[in-house]
């Protein structure tokens, strides 16, 4: 497995992974475009990918303009191998090293993602209007795996 910073050239593969997931599926895939992803990678934040034999099998993206974890997805065929946690730790470590004192994200209740973020040290801080749980993580409380 190779972990590296994501580039615009990875976007097509990231879309493939995003559409393969079983939880947190996009209700309207047209809402996330190549332009949106490019903007996240080049202007608003950064991303990372995990490759296996030259194929992207997971990715993460942080939006520093909103201090928000924008995406963290792993191809279902590669789940439970530590890929998500490694991508998480790379993204969060980089964010804190680049001056973010706190990050936030939201996810559906009762999902594997909820359990993942709780285990990674994220603290529930409320509920979003769409019913998702809001989590926050401060640089002081982050402990990489």
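Take the Cα of residue 12, step 7 Å toward its Cβ, do the same at residue 97, and the gap between the two points is 3.1 nm. Fewest-first ordering of 3, 117 by other beta carbons within 10 Å of each residue's beta carbon gives 3, 117.
Listed from fewest to most Cβ neighbours within 10 Å, the set 88, 34, 22 follows the order 22, 34, 88. Here 85, 4 are placed in order of increasing Cβ neighbour count within 10 Å, fewest first, which gives 4, 85. Computed across the chain, the Kirkwood hydrodynamic radius from all distinct Cα-Cα pairs reaches 15.3 Å. Computed on the range 2-100, with alpha-carbon pairs under 8 angstrom and 6+ residues apart, the relative contact order is 28 percent. Separation of the range 28-63 from the range 117-145 is 21 Å, based on Cα centroids. Computed over the chain, the per-residue total of -39500 (n - 2.57) for DSSP H runs of n ≥ 4 gives a 222 nm mean residue ellipticity of -8000 deg cm²/dmol, rounded to 500. In terms of packing, defined here as the mean over residues of other Cβ atoms within 10 angstrom, the peptides 70-81, 119-130, 52-63, 95-106 line up highest first as 52-63, 70-81, 95-106, 119-130.
Computed from the coordinates by the stated procedures, all read-outs in this text should not be read as laboratory data. Keep in mind that what you see is a predicted model, and the values were worked out from it rather than measured. All Cβ positions, glycine included, derive from the backbone under ideal geometry; neighbour counts span all protein chains shown.
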